[in-house]
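The values are calculated or read from the model by the stated rules, or taken from the named source; none is laboratory data. Bear in mind that the values here come from a model prediction, so they are computed numbers and not experimental data. Here the Cβ positions follow ideal geometry from the backbone for every residue, glycine too, while neighbour counts run over all protein chains shown. Heads up: the accessible areas ignore ligands, DNA and RNA and are worked out on the full protein's heavy atoms, side chains in. Shrake-Rupley method; radii C 1.70, N 1.55, O 1.52, S 1.80 Å.
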Amino acid sequence: MLKNKFKIITLLLVIILSMTIPIVRADDDTNISVENSDNMDINPISDDPTTSEDNFKKSDVYLSGDNVTIDYIVDGNLFVAADTVTINSQIGGDAFIFANKVIIEDQGYIFSNLFTTCQYVEIKGVVYDVYALSKDVSIADGYIYRDLKVLCDTLNITGTVGRNVFASCANILFNNEQDDNSSTGVISGNLNYSSKDEITIPEGAVSGETNFTKEIVNTQDNIQDYLIEIGTFIATALIIWLLCLWITPKFLNNTNILITKKILPVIGIGLLTPIVAIIASIILFILGITSSIGFLTLGLLFILLGISNSIFIIAINNLVCNKLKVEKTIGIFGMLIASSVVLWLIELIPYIGGLVKFISVIIGLGMLIYSIPVKFKKEKVEEE
């Protein structure tokens, strides 16, 4: 049994490193129709008997390779790991892309969010919201329907952002430096940016307010640090998930109940556990003889706090997979990567991110502690 479990973990680790197999195929015939992006009138998916299997995928799509081109409609979420990714069609859900270069062509339309970590991203089409960690980001006559949130070296906007921009970058441009006649990009909402030095914003480029925060750190080093951080964040969640899948699969099955029907006691336990552990450790330190137990208690608390965020991600991911009826292990794996990226990006948002991280740690810790007596109780009943 133990040997088989090691084989399973080895197989999953190989999948993590390779990501070379397309997972989803589609077999339904429908179509997505979109009006001109200037008017932003969006027609939902409509039936079209002329649509074939080759140009429509009615499911989530997982892809990898050197050069990946999406030239068919995806009625679902898109997950891609590749060198160059080109989208020249309509994506009905979110797009999660890890690549060197990402291009959203003129005919590209992402109905929801684009989450990407890459060296270069160029948007010529339409995306609802963009979350990007990249060296260079170009809104090349494209249209961001809502918000743009980006950490980069250079941000060039020659298109339109429908609402607000949140950027941490060394430079922001609003036209093509190689073309003096090019039109100036427009931000319809507010521009909130941080940089080493304040950037000159062309008149009329920002309709709302411009808020500048001075940065001390080097942007390029900052990007490298963030890449390492997001890699560690994802890897931790995957490792914890694999360990739970191997050691306590019942806990994974119970996370949906814990995060929905048992959420109040879980939050209560998550809040009380650090307080009780710290007070108990202080008492043990005062007693002197049991100080080693106090150090052990604090060490265990820090370990649990360190993995609590991953437990929360796993629970949310299981809930999402259950709603979307994703049952295959590789599908859950792909969704877990996406969930980790989403939560990590949310935690970057000032003020909101800190609150989200606090809540996720408390809930994750509460789920861990709440599950311990339940497990012991079940084992006791089985022995009787």
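For region 283-352, go through all pairs of different Cα atoms, get the mean of 1/r, take its inverse, and jot down that Kirkwood value in Å.
14.7 Å
If packing is taken as the average count of other Cβ atoms within 10 Å, what order do 335-341, 249-255, 82-88 fall into, highest mean first?
335-341, 82-88, 249-255
Sorting check: for 194-204, 298-308, 64-74, which peptide has the highest mean count of neighbouring beta carbons within 10 Å, and how do the rest follow?
64-74, 298-308, 194-204
Given a 1.4 angstrom probe, I'd like the percentage of the accessible area of region 193-331 that is carbon and sulfur, rounded to a whole number.
Answer for region 193-331: carbon and sulfur cover 67 percent of the accessible area.
Report the accessible area of Asp141, computed with a 1.4 Å probe over the heavy atoms of all protein chains in place, in Å² rounded to the nearest 10.
110 Å²
Calculate one ³J(HN,Hα) per residue across region 100-112 by plugging θ = phi - 60° into the Karplus curve 6.51 cos²θ - 1.76 cosθ + 1.60, and present them in order as whole Hz with x for glycine and proline.
So the J values, rounded to whole Hz, are 7, 9, 10, 10, 9, 6, 3, 8, x, 9, 9, 5, 10.
Would you grab the residues whose amide H sits under 5 Å from the one on Thr210? Only those 5+ places off in sequence or on another chain, please, with H modelled 1.01 Å from N.
Leu191
Which entries in Lys101/Lys357; Lys58/Lys262; Lys58/Lys149; Lys250/Lys328; Lys124/Lys357; Lys149/Lys323 show an alpha-carbon gap greater than 23 Å?
Lys101/Lys357; Lys58/Lys262; Lys58/Lys149; Lys124/Lys357; Lys149/Lys323
Over 10 Å intervals from 0, what percent of Cα-Cα pairs in region 212-348 sits in each interval?
For region 212-348, the pair-distance distribution reads 10, 30, 29, 21, 9, 0.
Could you sort Leu63, Leu258, Leu264 by accessible area so the largest value comes first, with the probe set to 1.4 Å?
Leu264, Leu63, Leu258
For the ranges 104-111, 227-234, what's the packing order if you count other beta-carbon atoms within 10 Å of each residue, average per peptide, and put the highest first?
By packing density, highest mean first, the sequence is 104-111, 227-234.
What is the gain in length, in nm to one decimal, between Ser291 and Thr329 on full extension, counting 0.36 nm per residue of separation less the C-alpha to C-alpha distance?
That pair, Ser291 and Thr329, stretches by 9.3 nm at full extension.
Just the number, please: Stokes-Einstein D of region 118-171 in µm²/s, Kirkwood Rh from C-alpha pairs, 10 °C, 1.306 mPa s.
Rounded, D is 151 µm²/s.
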